[in-house]
Structures are given as C-alpha cells and as structure tokens.
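Take a look at the structure below.
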Number of protein chains: 2
Amino acid sequence: MATIASRTIGPLSFETHPQRYRHWKLAFDGPIATLSMDVQEDAGLSPDYKLKLNSYDLGVDIELADAIQRLRFEHPEVHAVVVTSLKERIFCAGANIFMLRGSTHAWKVNFCKFTNETRLAMEDASAHSGLAFLAALNGICAGGGYELALACDEILLVDDSNSAVSLPETPLLGVLPGTGGLTRVVDKRKVRRDLADVFGTLAEGVKGKRAVEWGLVDAVAPASRFKDAVAARAAELAAKSDRPATGLGIALKPLALEASADHLEYSTVSLAIDRAKRVATLVVRAPIEPVESTPDAIVAAGDQFWPLRAFRELDDAILRLRVNEPEIGTVVVKAEGDPTLVLQADDVLLAHQSHWLVREVVHFIKRTLKRVDLSARSFFAVIEPGNAFAGTLFELALAADRSYMLDDPDGRNAIQLSGMNAGPLPMSNGLTRLATRFYGAPEKVAEALAHDGPFDPRQALDAGLVTFAPDEIDWDDEVRLAVESRAALSPDALTGMEANLRFVGPETLETKIFGRLSAWQNWIFQRPNAVGPKGALTSYGSADRAEFEFGRT
Amino acid sequence: MATIASRTIGPLSFETHPQRYRHWKLAFDGPIATLSMDVQEDAGLSPDYKLKLNSYDLGVDIELADAIQRLRFEHPEVHAVVVTSLKERIFCAGANIFMLRGSTHAWKVNFCKFTNETRLAMEDASAHSGLAFLAALNGICAGGGYELALACDEILLVDDSNSAVSLPETPLLGVLPGTGGLTRVVDKRKVRRDLADVFGTLAEGVKGKRAVEWGLVDAVAPASRFKDAVAARAAELAAKSDRPATGLGIALKPLALEASADHLEYSTVSLAIDRAKRVATLVVRAPIEPVESTPDAIVAAGDQFWPLRAFRELDDAILRLRVNEPEIGTVVVKAEGDPTLVLQADDVLLAHQSHWLVREVVHFIKRTLKRVDLSARSFFAVIEPGNAFAGTLFELALAADRSYMLDDPDGRNAIQLSGMNAGPLPMSNGLTRLATRFYGAPEKVAEALAHDGPFDPRQALDAGLVTFAPDEIDWDDEVRLAVESRAALSPDALTGMEANLRFVGPETLETKIFGRLSAWQNWIFQRPNAVGPKGALTSYGSADRAEFEFGRT
C-alpha cells in the first residue's frame, strides 16, 4: 500500500540553506565549487525508507536545487562546479526505490517533475550563466545518479573494475529512467539509438573504455589520477566562463512568509486556498515604488530587489501548491498595483541584462514562469481595474490557459506589453509566450509589440491578448461559471489537455522530457507490471520475482 | 468489465474492398471523389455496441484506410476527395463510446494508433501525392469526427442552428481526443491556445461564424448553398494537383496469404510466431528476378511490382501482429535473397520517382516503415550470410532497436546502402533512419553513403551500421541470449523506452501525436477517473454521473 504522499509527509517547505543541508556539502576553491553528495540514510522525508548508497528522495533534491540557486546568486566568482560524492566507490544509486515503491502515484509524479526541473536548472546555469558542471563519478553511478551526471556539461568516470554508469530502471524495476535519462542519452549526448537500447536494458551498466566509446561519458581516468584529472578539467571549464572574476554575490535570505492552513502571505505574493471550491487565488503585487535602477543599487538591494523578491515568492508559492495542495485544480491569477512600476522594473532589467546579477534575475523569472507552464493545474488570469498585468507580470496572463478582462465602462482597465514580452522569457519550447500564443502568425506578435501604451479591453481582445472581455453585466457570472465548470471536469483529462495545448510548435530537450518521457513514465507508473501486487517496482528488494502480464501495448 | 479485445474480436484482417464496404460509399465524378460515411449501426466488429450517429470502431476505420489507399493507387485521375456523410444533419459522432468503454486498455490503444495512422495517411496523400481532402461537414461533427475533419486540408461547415464542431472528450468522457485532435488544433490549424482550451472543454462545441473566427473551420455555408460551396471548393483544390489528368490506375488485388495459427506466409514475407518464447520471426525476401524497370512495365506489373508487393505484405503482417498477437514482444527481422536484386529495384524507384505510380510506391514503403517504427514491439535485425539487407531492405535493420551481424569467417556476409537510404524514406521525425542513427554526426551519414559497394561485418561495425558483429563462436549464444533476455523484461517499460529512444532529434506533428498526445491519452485511459467504476468513460450513457478523485497529478 503506497503511503508516501503529501498527506503523510505533511506540508513541505522548499526553503533550505547550506548550513542546514544534510545530504550535500558545498566547498569552494576560487573559481571552482565542489558539490558533494553524502546522503544521510536516516534523514529521508519519511521514515519508511533508508537512503542507502547515496540514493535520494525529494528532500535531497530540494537541497541540490537550493545549492545550484545559491551558486548562481551568492557566488558569481564560481565558474565551474564539480559534482561528486563523498561515499567510497559510490557516486549515486539514483532515486530511492523503496521511496518510489511506497509513494502514491501523485507523489512519484511530483517528485520526478521537481528533479527534472532541478537538472534543467543546471543546464540553464551552464547555457546562460557561465556556470559549467563537471560530473566526477568516483564510483557506481546508477539510474537517477547517471541522470544527474547527464545534466552536467561533462562526465568523468573513474576507471576501475567496479565503477559503471547505468540506467537499470527498465531491467530491474520495470519503469523508465524518469529524470530525462533516455532523452539526454540520445538527444543531448547523441548516443546511437541501438547502443542506447542495449545500455537501457543492461542492469549492470557500462564502464571504462566502452562507456567513452558509446558516448555515455566523456573520459575515464584511473583512480590514481582521478582527482588530478577532475581538477584539471574543472579548471579548463571554469576558464571559459564570463562570470565576474571575484565576488561578492548577494545573499538569498529566507522568504518573508506568513503561512496558515489556507493562506500563504509573502511580501508581494499571496495564495489563498478555497478547498470547498478546489480553487486558489494567486495575487502578485507590483512594486510600490520604483525599483533600484543601477547595477550597484541592485546588488545593494540584493534579494529585496522587487523582480527577484516577487519571483522567488511566486516560485515558492507554486512549489508549495503543487506538492502540498493536490486537490486544488484551478488557480485564479491576478496582478495588482501600479503597472507603471512594473514597466519601470522591466526597463531596468532590459537596460542591465548584461550585468551578472540582472542576468541571474531575468533567468530566474524565466524559470519560475516555466514552472507555471509545467504545473498540472488550470490557470485563469482575471484582469480587473487596478490590475498590474504589464510587461513581465503580463507573462502570467500569457501563461494562463485563459484570461478574462473586464470591459470596464469607466475605461480604467488596461494591460500593457514591454520588451520583457519580446524575448528574455522564453517557454520550454524556445518561443516567447507571445510567439506561442500567435503560433504561425508572427505579424500578430509584431503588431502587439508595436502597440504604444496600454491596451483597453476592446483593443486587448482585438489584438488577441485576452480570451474574453465581458462587460459589467456579464462579468461576475461569466468568471464564476468558468471557474466552477472547470472544477467539475476530470483532473486527469485536464492535465493531459493542458500539457498538449500549452506547448505548441517546436519541441526541445525540455519539452521532450516533460511532454514525452514524463507522459510515458506516468503511464508506466500506473501499470500493474510496475506497481501491481506482482509488479517489478513492488517486488524489488523482496524475495519475490516480478511477474508480468506480457501483452504489449 | 472490458471485454472487447483481440481475444474476443478474433483474428482481424485489414484487407477489404469498396465492394465489401459497409460503412463508406466511394463515388467518382472526374477529378473529384466523394467519400461518404454511412455507418451501419449493426455492423460493428463486436455485438456489444451499436454504431449510432456515424460513430465508428476499428472496422469502420479499416474501410477508410483502404479507401484512401485505393484512391492513391487505383485512381490517379482523382485530384481531390470530399469527405462527407450520408446521414441527415450528422457528419460523424466520433469513436463509439460504448466500444471504448467496453474495450481493454490494449484494444483502445491499438485502435487509436491505427486511426492516427489513417489520418496521417490522408495528410501524406495531400502533401506528397497531389490528393487534397475537403471535409464537408453536413451536420454535427464531434470528437473523432472533428479529428477526421482536422486531417483534411480544408473544412467547410454547414451553417445552421444545429451543426457544430466539438471535441467533447474532456468534458463528457474524462479522456482526451485521442486521434491527434489537440495537436492539430494548435499545431496544424494554429488555433490560439486559450481558444483551444475553451473549445476543448465545451461539450456543445462551436458553430457558425465563431468556428471560422477561431480557426476551427475554414468556412461556413448555409444549407441552401452548401452543396454548391463544396463542389466549387473541391474543384479549386483539384485544380492544384499534379496527378495524371486521366486514369488508369492499378488494381490492389487481395494479398497472397496463407495463414495458420502461428504462421503468415505471403509471397515475399513470412511471419512465424513462437508463442512459448513470445517471439516472432519476420522474413522479407528479395525479388527473385530483376523488377520491371520502365514506367509502362511497372504499371503493367501493378500490385505485383516487387517493391509494392513486398511492402503491402509487410504492412499487413505488421498490422496483424499488432492487433492479433499482443503477447509477442520481440520480432526478429531477417531479409533473405539476392541483395543485388534489391539494389536493382532501388535503382528503378530512384530513377522514376517522378512517375505517379513509382511515387506512390515509394511513399507506401515509407509509411510501412513508419508503422514498424511505431509498433510497440522490440525489433532485432539478424544479419547472416544469404541476407538481402541492402538499400530499402536495410531500412528494416535501421528501424530495428538493435542489429546483430555474423562476423562470418568466409566473408560471405555483407550489407549495402543505396540512394533509398539517403532521403526518400524519412521517419516521423522528418529525418532519414541514417540521420536519426547518427544524430548530431552528419559526417558519419555522409561517410556511410559514400562507401562504395558492400560492407563486410567489420566495416559495418566500424561505420556504426550494426550494433554487434559476433563471430561464429559467440553468434548463437549471443543472439539467443539477447532475444531471451528481452522477452523477460517488462513489456510496458520496453514500450516506453523504445518510444523515447527511436525518435531522436526534431519533433513533428506526427511525433507529437504519437509521442506526447498518445502517451498522455494512454495514461488517462488507465486512470480510475476515466475507467474506474465511477469514471467518466464508465458512466457515460448511464444514469450515474461520474465521480472524480480530484487530486491533480
């Protein structure tokens, strides 16, 4: 009986700090940081399993995600990160099988989604922040451990009789590597598909020269030379970085959050839960005064710089919603305050994009918005007088499945675009939300961006920027009915529908991982051959062998 | 209790003929053919349901697929096809719900896969054969009915108070439109994602002017002018075709098949089933004499022209294997005979690609190979002396998940490429199988294609064209063990793994439909919210309302 779930784990916080890490050690040596996995067996989120052999659960990954975030903001002087392990002859055994076996379907799916986002955040840091990752595999590297290595820029494997990389999920557990492994093997590392097929069915994995030949790792080094080889390669990777030569970074301090059973109140974000209706209302508030406008002042403001503060709070709210509130199906999204102050903040972000901190802030906003896109909840933007849906905050309306804008007779209701809608905040498909919205009609994107000043409701509707613009007479009923009728639909069909409608156009490694690989994994995670009484995941580690129903589907 | 399955339906044949159609009428008027749906309620594959309101099951779709195939081969003088219905005020109600509800998971999945392939075959005919499709929606067009329309080049909807297009799967049945609907709405017709979201949750659908404005249909016409509007538009579409101005086509006669319980024997293909091992052996034989080499001779040979005959037989064998033999997990693929005769056939296909019939043959080979790629079975190519894995037949080895080539000491074992491996037979991802194999390394594709003459086993291995080349001592054990160990793995994990490894690189409408949409649909098809005792699919048409478990996943 699967018992590990948000219900049994209890409300989860995604905030942590290196001083509180139990599973990772972060060490610094000039431009090189070393992130070492040293999982404490007894410090899992649930007492139902022990995290042996550097296997991990969501708690371990929350620390990893925190470390990567802090490296970006707090340590601009770090130019390369070595990811390794402090356990002898073991890098990482992957996601803990007993945790997976004991988890509800929803918990498994949320766990995989978060770990996928963490791996993608590493690739994002490498692609956009000059922060390279070197996986230094000092021992056995299996399943999710190898998937972590795959998210690094390069993989160095110790060459001994013991250390292999492997994806044993299919042969041992009857499931898929759920954290991008298959996609990264063929699409990122370009391992030949037939070799990937062999690799993906070989429980013991591949080691030494063969791992290099197949493209599964970049190099091997004997144990005697391993440390030197890692250091040399890390230095080479660091030398390519465009990050500042010296610190200081900014401190990411704890979020200002007052949390109650049905309300999260941050400084600029609030999330109100209506359990009876299964609806949450998410409000993001504009700055109340102009944001700092020079790099020095922005660095001095640090985590209180409004764009960073607002999106850190939003990110936290979305994560908590996902894991702690599975029954909330619809999120009504509002932006409140003075839109001109949002646009002023956008001007600052655009003017200083090349400054390391502003660059980090913009990419953080981008990643947070991607989390919204990838959340299995319906989002409806509701746009009323007093709204701050402008520029970056209008991305929230564009990320929503629909938007309702009151056709206010007093002419006070408006939305506005900025340069932040024109490129810096792409979705996982590589397109801006405007280009996604007007897929196949780039002239509509250009027209909307060329529009000077605010759009009133009629203009917004004509430009295609909002879904509906009811007048005052219809407003209350129309919005209420839309939210109510959404809540009545099958949550699974909605998840599938949204996952297909949100990501039009090109597919990328990211969209393949979330759209294709995760969808197949979710399917398999429900199949009796994996999770039934005699399924492979159920039988793992017991005396019983899995028994399959062999019909191919 | 779901009882509709290959077991209860019995071995299915995919062969039919217009004279035997029960659900479609095919009529000709010069360059315009009209394909009219007129489903016979009582002629479903199972007595468990009645095919009311032009709803369909797999039997209906087998006739549609046959009609499209025959239009391509038998009627080159047809330049446009009107797809309509003979039922008053109803175009098509989509897949039969009672059939879906009563079907096993595997049957539902196979049904959706085949209908998807049929819709894609229509788009293939339009893109590559100058055969345009006009959906003439003379009435209600719901679910799979609208998905059929979406596969047409244009959609004309009658404008009355009754006729709407709709995708009611999510609101009514708690599942997704399973035949490409969501993908085609946003990716092909480029309906805005928020409007698509509204449309996808509106059971009653969208009609009239709004359907045009949202991009759901191309035009509407009042009932009084509908026939004329259809005729005028069909004539315009036909005028653009590059097909021959007059017939005659070739006749697709019944396949030469001797079928027994565990063996299908065609003229050039055989499929031997080993149920105990859950393995099938598929053999395709080279021509036994040079194929006809002039267009006139090819037309005269008709369906006996070896490339067409061999791939029609292969197509039929794959379809029967999929539906009738769900327990067969692994297919050992062999090609036998004289490879020089395969290469001679390839020369003919390449030399006459612009001839209408040769063009049809090449696209048919392409579609058949795509069916292999999309089959949820493991394919292992086994290459031994006497093999005919050359050119087009080598595509079968490239389509396989792995290949084993005997390193024959007598030097008799060889493979060879041809121009047919260089472009005419792309996969669903738009790449050739060679480009897919060497994704990210186009120089390896070029090198392999530049190689003159046959590859011996060492050369094939060095060029990356085969997976393994064991010597005689290891051969039997290695192949036997590979096949045996494959058969022991979870069939679901293998399906997911193969679906992720086979389609590297770019994604297309096709790969999105099979990789993303189908994977989500398969997930939903298993969820209690759809198929549990109180699920929406279970409750449909009964007095009970669906009851959902509202946790979002």
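The values are calculated or read from the model by the stated rules, or taken from the named source; none is laboratory data. This one's a predicted model, so the numbers in the text were calculated from it and none came from an experiment. Counting neighbours? That spans all protein chains shown, and the Cβs are built from the backbone with ideal geometry, glycine included. Heavy atoms of the whole protein, side chains included, go into the accessibility calculation; ligands, DNA and RNA do not. Shrake-Rupley method; radii C 1.70, N 1.55, O 1.52, S 1.80 Å.
Annotations for the structure displayed:
- Think of each Lys and Arg Cβ as +1 and each Asp and Glu Cβ as -1; about the Cα centre, that makes the dipole of chain A roughly 2260 debye.
- In terms of its C-alpha gyration tensor, the range A:281-381 comes out prolate, because a/c is 1.5 or above and the ratio a/b outweighs b/c.
- Label reach from residue A:275 (point 7 Å along Cα→C-beta): in the range B:528-553, amide nitrogens under 16 Å belong to B:550-552.
- Sequence-distant residues sharing a close amide H with residue A:133 (under 5 Å, placed H): A:81, A:153, A:154
- Spatially, the range B:321-335 and the range B:145-221 are offset by 37 Å when compared through their Cα centroids.
- Panel note: contact residues of the range B:377-424 (accessible area lowered by at least 40 Å² against the chain on its own; 1.4 Å probe) correspond to B:401, B:402.
- Here the relative contact order of chain A, from alpha carbon pairs under 8 Å that lie six or more residues apart, stands at 12 percent.
- Placing unit charges on the Cβ atoms of the charged side chains and taking the dipole of the range A:160-282 about its Cα centre, the candidate lying farthest along the positive direction among A:216, A:251, A:180 is A:216.
- For peptide B:482-491, the mean count of partner chain Cβ atoms within 10 Å of a residue's Cβ comes to 6.
- Each part reduced to its alpha carbon centroid, the range A:474-553 and the range A:100-124 end up 13 Å apart.
- For the range A:91-176, the relative contact order comes to 32 percent (Cα pairs under 8 Å, sequence separation of at least 6).
- Theoretical FRET efficiency, 1/(1+(r/R0)^6), r = Cβ-Cβ of residue A:484 and residue B:209, R0 35 Å, to 0.05: 0.80
- Derived scalar couplings ³J(HN,Hα) [the range B:496-503; Karplus, 6.51 cos²θ - 1.76 cosθ + 1.60; whole Hz; x for Gly, Pro]: x, 5, 5, 5, 8, 7, 6, 10
- Computed in the context of the full set of protein chains, the accessible area of the protein assembly as shown at 1.4 Å probe radius has 53% of its extent on carbon or sulfur.
- Summed residue charge, Cβ within 10 Å of residue A:271's Cβ, Lys/Arg positive, Asp/Glu negative: -4
- Taking each DSSP H run with n ≥ 4 as -39500 (n - 2.57) and averaging over every residue of chain B yields -11500 deg cm²/dmol at 222 nm.
- Phi to ³J(HN,Hα) by Karplus 6.51 cos²θ - 1.76 cosθ + 1.60 over the range B:388-400, Hz, x for Gly, Pro: 10, 6, 9, x, 4, 6, 5, 4, 5, 6, 6, 6, 6
- Summed over the residues of the protein assembly as shown and divided among them, the accessible surface reaches 35 Å² per residue at a probe radius of 1.4 Å.
- Difference of contour (0.36 nm per residue) and Cα-Cα distance, residue B:189 to residue B:7: 61.7 nm
- In nanometres and ascending order, the distances from the residue B:242 label point to those of the other copies are 4.5 (point 7 Å from Cα along Cα→Cβ).
- Seen against the Cα atoms of chain A and their longest principal axis, helix A:58-74 is set at about 70 degrees.
- Only Lys, Arg (+1) and Asp, Glu (-1) charged, at Cβ; the protein assembly as shown dipole about Cα centre in debye: 1240 debye
- Inter-copy label distances at residue A:203 (7 Å, Cα→Cβ; nm, one decimal): 5.0
- Here the Karplus curve 6.51 cos²θ - 1.76 cosθ + 1.60, taken at θ = phi - 60°, turns the phi angles of the range A:280-288 into couplings of 10, 10, 10, 10, 10, 9, 4, x, 9 Hz, with x standing for Gly and Pro.
- Within 10 Å of the Cβ of each residue in B:241-253, the mean number of Cβ atoms contributed by other protein chains is 0.
- 10 Å Cβ neighbours from other chains, averaged over peptide B:523-533: 5
- Exam field: residue B:40 pseudo-label spacings to other copies (7 Å along Cα-Cβ), nanometres: 7.4
- Near residue A:211: Cβ cut-off under 10 Å, other residues only, Lys/Arg at +1 and Asp/Glu at -1. The net charge is 0.
- Interface A:B - total buried accessible surface [probe 1.4 Å, Å², rounded to 100]: 8200 Å²
- Signed unit charges on C-beta, dipole axis of the protein assembly as shown, positive-most listed residue B:380, B:40, A:463: B:40
- In the range A:303-438, Cα pairs under 8 Å separated by at least six residues give a relative contact order of 27 percent.
- Projecting the Cα atoms of A:152, A:14, A:496 onto the charge dipole of chain A, computed from C-beta unit charges around the Cα centre, puts A:152 farthest toward the positive end.
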